[in-house]
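Beneath this line is the structure, given in structure tokens, with notes to follow.
Rule-based calculations on the coordinates, nothing more; no lab input. Because the structure is a prediction, the values reported are computed rather than measured. Glycine also receives a Cβ, built like all others from the backbone with ideal geometry; neighbour counts cover every protein chain displayed.
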Amino acid sequence: MKGNQFYTVFGIVSAVLLGAAGFYCYKGYSSYQEAGGEFNTRRTALLRLKRSEPYPNEENLGRIEKEVGEYEGEINSLFKILDRFQQPLNGNINDTQFPQILKSKIEAFKALAKKKGITIEEEKEFYMAMDAYRTTLPNPKAVPLLDYQLGAIEYLLNILAEAGVTHLINLDRELLPVEMAEGGAKEAPVDSSSVAAKYPVSLTFETKHPAFERLVNQITNDDKYFFILRALRVDNNAKEGATKGEGDDANSGPRYVNASGEEAPEDLINKIPQGLEVPAQVAWMRDNGGYELQSSDARILLGDESLRVFMVIDLVRFADASEKVAKDEGEEKKEPGGKGEKAKK
């Protein structure tokens, strides 16, 4: 009897274990089928991608090429417009010729300054901010751009002379990148992403207000060079305005003139009722003889004093469109993963 019970329990336990094993096998098989189906789906997609052409169709390609062409045309047009504000670089000048050109321009400006009555601070030492080339030759790579900068400086000085500047105190310039490079052997790093290079020139001079006004208008509206007035400081030699009682006409009161240009007599002016405001005084004189008040001397408003001016002017030169594109493409090929690297792969 006991033996039958053992076999009965053993059979039940075996059946349970076999059922559990069958259940887990079935569950694992279902997961296997799902994974296998997903694998086949992705494999099919991969094979389809490998067989397809990874390029746009002719219609899309044509549209993209048209848009790129139009964009490049607009960019080239912009560069042509900007190119009107700069003189071309002269590549025919060599390093031995530049010092002679510099000396001739210095002498020409000194002659113009003498003619216009401009005094130059330390005239004997004046060298148009190019003192380094008194006794040395420039880096041959820098000559075309140095000549361009020199022409712009000469142009600025001539503007000062024609405007009526009375005293040139100081002239300085920022060195070109190629001049700042160690030993002049290679150019200093510059921002290759920029389409415009700025070469600052600083000026300190004395002048009168009308000449200063003409000078600023000329610089900011010039069509030969692209100048940017970066910084400006103006000091008046008279820190305070004229007090009452000073000047040639200090003792004279308001001036009233009739339609014939005759000034109102002093006794009539003295009859203006006391306590009237200025508009009422003007109306009283108009009603009593047709006299009009003359405008105040403009020297009181604008100043007739000498101005000491310091300004920093950026000489801007724009990159050539074709050269800029070629340079950018060349740098892109040098970069890891750039077009050049991809082409090799």
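Couplings 3J(HN,Hα) of the stretch 92-108, computed from phi: 8, 8, 9, 5, 6, 7, 4, x, 5, 4, 4, 4, 5, 5, 5, 5, 5 Hz, in residue order, whole Hz [Karplus 6.51 cos²θ - 1.76 cosθ + 1.60, θ = phi - 60°; x for Gly and Pro]. Multiplying the residue separation of residue 283 and residue 110 by 0.36 nm and subtracting their alpha-carbon distance yields 56.7 nm.
If the segment from residue 169 to residue 196 were pulled out straight at 0.36 nm per residue, it would be longer than the present Cα-Cα gap by 6.8 nm. Counted by Cβ distance under 12 Å from residue 292, the other residues give a net charge of -1, where Lys and Arg count +1 and Asp and Glu count -1. Highest mean packing comes first when the peptides 129-140, 87-98 are listed by Cβ atoms within 10 Å, giving 129-140, 87-98. Restricting attention to the stretch 66-181, the count of lysine pairs at 8 or more positions apart or across chains with alpha carbons under 26 Å apart stands at 16.
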